[in-house]
1. Residue check: is residue 239 away from the ligand (no atom under 15 Å from the Cβ) and in contact (Cβ under 8 Å) with a residue 12 or more places away in the chain?
2. Just to be sure, is residue 53 in contact with a strand residue (DSSP E or B) (Cβ under 9 Å, 6 or more places away or on another chain), under 30 Å from residue 271 (Cβ atoms) and in contact (Cβ under 8 Å) with a residue 60 or more places away in the chain?
3. Criterion first (modelled with pLDDT under 95 and surrounded by fewer than 24 Cβ atoms within 10 Å (Cβ to Cβ)) does residue 292 satisfy it?
4. Checking the conditions here, which among 67, 26 is within 16 Å of the ligand (Cβ to nearest atom) and at pLDDT below 95?
5. In region 255-276, which residues are closer than 13 Å to residue 243 by Cβ and either within 18 Å of the chain's Cα centre (by Cα) or away from the ligand (no atom under 15 Å from the Cβ) (or both)?
6. When you go through (1) in contact (Cβ under 8 Å) with a residue 60 or more places away in the chain; (2) buried (at least 24 other Cβ atoms within 10 Å of the Cβ); (3) more than 15 Å from the ligand (Cβ to nearest atom); (4) not in a loop (DSSP other than H, G, I, E, B) one by one for residue 286, which number turns out not to apply?
Ligand SMILES: [Zn+2]
């Protein structure tokens with residue numbers, strides 16, 4: 001199987017994935033609660049604009065605007081019958097952007113078909129089962145492939161059951177498959193998976209690339225990245241961290257990480273052994289440009305944990321012992337509610 005990402009990594013040692021989608025669209029008029037996926041057909045010029053900005057910033061991988069374009073999520077907006085249309089459009093827009101960038105600069109970038117969680121839970125806590133979930137993701141992955149995606153990128157997952165179903169659907173397209181979990185709950189995913197558990201699982205199901213995204217801030221993302229790499233896993237590892245720690249301001253979540261902070265994080269991610277480095281929520285093209293610049297102008301170093309803590313902060317520092325237990329019980333009740 002041709003893996004264009006592995007090829008870039010073989011050439012320069014690492015590659016850079018893009019930044020946020022949703023939080024960048026909020027600045028362009030996306031209303032809270034409105035599915036960004038619909039912008040592939042309603043505001044295609046905005047989707048193209050964001051892809052192009054990330055390409056100009058130096059990203060090697062562009063994720064399609066299809067994170068929530070699966071039937072269970074689209075159903076919340078009465079658009080569950082538009083999976084094919086939206087995912088084809090998402091992949092075509094990203095291909096248009098990478099093709100244009102290639103014509104302008106001679107630099108190739110890879111289109112990764114993004115698939116996020118269904119938002120539902122597996123049996124016995126919820127109603128999802130494996131076959132049904134494979135069918136949901138098959139509809140999405142097939143449309144992404146049809147639109148021109150060059151790999152399938154499963155992200156922000158919390159359960160291995162859902163990754164297994166999405167990866168099976170992804171593999172059926174014949175494209176390379178990457179999956180990232182979100183470790184946001186005291187060193188685990190919301191469903192209790194540790195980075196070490198996930199590394200073992202990724203190897204077991206034969207993922208081509210794996211890692212972590214989103215969650216808390218860059219320090220926690222690095223903690224998860226180190227947990228994955230410490231297992232000795234031998235596939236490319238993704239580190240796609242948020243742009244600083246999310247903060248509630250006036251009833252909305254904001255990300256305040258500076259380009260300098262994200263540049264530092266990118267260097268530490270590479271030092272730790274991650275080879276696919278990008279940004280999640282809050283990461284703008286300006287942040288990606290700073291990350292690319294830092295990676296291009298700094299030689300790989302031995303990981304200095306003390307320097308990393310000084311630059312990014314202590315992982316999970318915001319969770320004092322008692323806050324941790326509140327956080328866990330909050331998550332548990334959220335699980336029941338979903
Ligand atoms: Zn995120």
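1. So residue 239 fails the test.
2. On the way: in contact with a strand residue (DSSP E or B) (Cβ under 9 Å, 6 or more places away or on another chain): no; under 30 Å from residue 271 (Cβ atoms): yes; in contact (Cβ under 8 Å) with a residue 60 or more places away in the chain: yes.
For residue 53, the condition - in contact with a strand residue (DSSP E or B) (Cβ under 9 Å, 6 or more places away or on another chain), under 30 Å from residue 271 (Cβ atoms) and in contact (Cβ under 8 Å) with a residue 60 or more places away in the chain - is not met.
3. Working: modelled with pLDDT under 95: no; surrounded by fewer than 24 Cβ atoms within 10 Å (Cβ to Cβ): yes.
Considered against the rule, which asks whether it is modelled with pLDDT under 95 and surrounded by fewer than 24 Cβ atoms within 10 Å (Cβ to Cβ), residue 292 comes out as no.
4. Details: 67 fails: at pLDDT below 95.
Of 67, 26, the one residue that is within 16 Å of the ligand (Cβ to nearest atom) and at pLDDT below 95 is 26.
5. Within region 255-276, the subset closer than 13 Å to residue 243 by Cβ is 255-266.
Matches in region 255-276: 255, 257, 258, 259, 260, 261, 262, 263, 264, 265, 266.
6. Unmet condition: (2).
Conditions (1) more than 16 Å from the chain's Cα centre (by Cα); (2) closer than 26 Å to residue 181 by Cβ, marked per residue:
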{"position": "2", "(1), (2)": "yes, yes"}
{"position": "51", "(1), (2)": "no, yes"}
{"position": "98", "(1), (2)": "yes, no"}
{"position": "104", "(1), (2)": "yes, no"}
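Residue-by-condition table, conditions (1) surrounded by fewer than 20 Cβ atoms within 10 Å (Cβ to Cβ); (2) modelled with pLDDT of 95 or more:
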residue	(1), (2)
213	no, yes
222	no, yes
232	yes, yes
241	no, yes
249	yes, no
252	yes, no
265	no, yes
268	no, yes
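The values are calculated or read from the model by the stated rules, or taken from the named source; none is laboratory data. The structure presented is a predicted model; accordingly, all values stated were derived computationally and were not measured. Please note: Cβ atoms are built from the backbone with ideal geometry, for glycine as well, and neighbour counts cover all protein chains shown.
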